[in-house]
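The values are calculated or read from the model by the stated rules, or taken from the named source; none is laboratory data. Small disclaimer: the values here were computed from a predicted structure and weren't measured. Using ideal geometry, Cβ is built from the backbone for each residue, glycine included, and neighbour counts are taken over all protein chains shown.
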Amino acid sequence: MKPDISVIIPTFKRPQQVQMAIKSVLLQKDVQALVEIVVVDNDPDASAKAVVQGMECGKRWTIVYGHEPEPGVATVRNTALRLAQAKRIVFLDDDQTAAPGWLKAIMEVQAQTNADLVFGPVKGRIAADVPHKSYIEERFSAFGPAESGLIDKYYGCCNSMLKRGKFFSDMPVFNPITNETGGEDDELYSTVQRQGGVIAWAAEALVYEEIPPQRATVAYSISKAFAFGQGPTQVAWQHRDLAKVAYWMGVGLGQFLVYGSASLIYRPFNAEKHVRMLDKAIGGLGKILWTDRFQPRFYGASAL
């Protein structure tokens with residue numbers, strides 16, 4: 001019997017973290033659907049294999065392990081989609097843990113709206129005390145409307161559901177060109193939006209992003225701000241909308257000048273505001289320097 005839901009968890013050199021992510025899925029409450037958990041290991045050395053295959057899920061659901069030795073954020077997602085059997089696909093990252101009512105909430109919103117894409121909130125959290133903790137946690141978070149329902153924007157692939165049908169059928173679904181840079185979700189979801197896809201928000205479908213020490217730094221968060229800032233201009237170029245490219249570059253210039261000046265003003269006496277203004281300034285810079293030449297590489301072969 002085919003599952004009703006496939007929960008996809010790509011993983012890369014995080015065997016302990018992916019174990020926590022899987023456990024959080026197995027602890028979901030009030031879900032009557034048949035669920036399979038598809039874990040695809042993107043480490044060439046298959047570091048998560050023993051952990052995943054050694055997990056007990058009882059008779060309730062199944063765990064499917066796959067190995068994709070070619071590193072790349074788009075490639076591993078595409079491999080997982082080939083393995084997944086359900087028509088409704090939910091993505092969870094290997095450094096995330098889901099709240100107990102997460103899956104029920106995102107399923108209910110998709111059923112009520114028949115949306116092609118459903119997104120839920122992500123709350124970043126750091127176990128230890130670090131400088132600028134609240135800022136860093138916010139950088140790893142994604143929040144939307146207080147109430148569930150249809151929306152007119154898309155979010156990232158982590159904590160999302162897609163419905164196979166009009167979209168997401170032709171392989172590869174995610175563009176392998178983005179393997180090292182990320183942005184595979186923006187490229188795909190922007191196309192779905194332009195083609196009239198229905199997008200919804202599940203306000204109660206909460207997941208936590210567990211931020212490891214090596215990422216719990218201002219420097220890493222600022223580099224992410226630059227990469228996220230590049231997104232709108234890159235999407236405009238993807239669709240060859242030159243007016244939008246010029247618009248977003250202009251917005252970016254304004255952000256860089258205004259927030260950059262503010263960050264310098266705050267730097268001597270308010271470190272928290274300095275960092276937050278710097279984040280906005282660097283995000284603006286990303287809108288200006290949006291081409292491949294300037295794109296940070298966080299994933300795939302660059303992470304080996």
Test: residue in the stretch 126-135 that is under 14 Å from the mean Cα position of the chain (by Cα) and either in a loop (DSSP other than H, G, I, E, B) or polar (S, T, N, Q) (or both): no
One residue from Phe226, Phe174 being within 21 Å of Pro296 (Cα to Cα) and in a helix (DSSP H, G or I): Phe226
Residue match in the stretch 186-198 (condition: touching a residue at least 60 places away in the same chain (Cβ under 8 Å), outside any helix (DSSP H, G or I) and either in contact with a Leu (Cβ under 7 Å, 6 or more places away or on another chain) or in the same structural domain as Gln28 (by TED's automatic domain parsing) (or both)): yes
Looking only at the stretch 54-91, and only at residues there that are among the charged types (D, E, K, R) and in contact with a Lys or Arg (Cβ under 9 Å, 6 or more places away or on another chain), the one that is surrounded by the fewest Cβ atoms within 10 Å (Cβ to Cβ): Lys87
Yes/no for Gly260 being small (Gly, Ala, Ser), without any contact (Cβ under 8 Å) to a residue 60 or more places away in the chain and closer than 23 Å to Lys153 by Cβ: no
Residues of the stretch 272-304 classified as without any contact (Cβ under 8 Å) to a residue 24 or more places away in the chain and either surrounded by 13 or more Cβ atoms within 10 Å (Cβ to Cβ) or closer than 18 Å to Thr217 by Cβ (or both), total: 3
Yes/no for Lys87 being over 17 Å from Pro3 (Cβ atoms), among the basic types (Lys, Arg) and out of contact with any His (no Cβ under 9 Å at 6 or more places or on another chain): no
Total residues in the stretch 202-222, condition in a helix (DSSP H, G or I) and surrounded by 15 or more Cβ atoms within 10 Å (Cβ to Cβ): 4
Sole exception among (1) assigned to a helix (DSSP H, G or I); (2) in contact with an Asp or Glu (Cβ under 8 Å, 6 or more places away or on another chain) for Phe298, by number: (1)
Some residue of the stretch 155-171 being closer than 23 Å to Ser6 by Cα, modelled with pLDDT of 95 or more and surrounded by fewer than 21 Cβ atoms within 10 Å (Cβ to Cβ): yes
The stretch 14-34 - residue that is in contact (Cβ under 8 Å) with a residue 60 or more places away in the chain and under 28 Å from Asn179 (Cβ atoms) and, of those, surrounded by the most Cβ atoms within 10 Å (Cβ to Cβ): Val18
Residues that are assigned to a loop (DSSP other than H, G, I, E, B) and touching a Gly at 6+ places or on another chain (Cβ under 8 Å), drawn from the stretch 152-167: Tyr155, Asn159, Lys166, Phe167
Residue in the stretch 92-120 that is surrounded by the fewest Cβ atoms within 10 Å (Cβ to Cβ), counting only those that are under 18 Å from the mean Cα position of the chain (by Cα) and under 15 Å from Gly165 (Cα atoms): Asp116
Checklist (1) of a type in the set (Phe, Trp, Tyr); (2) outside any helix (DSSP H, G or I); (3) surrounded by 17 or more Cβ atoms within 10 Å (Cβ to Cβ) applied to Phe269, failing item: (3)
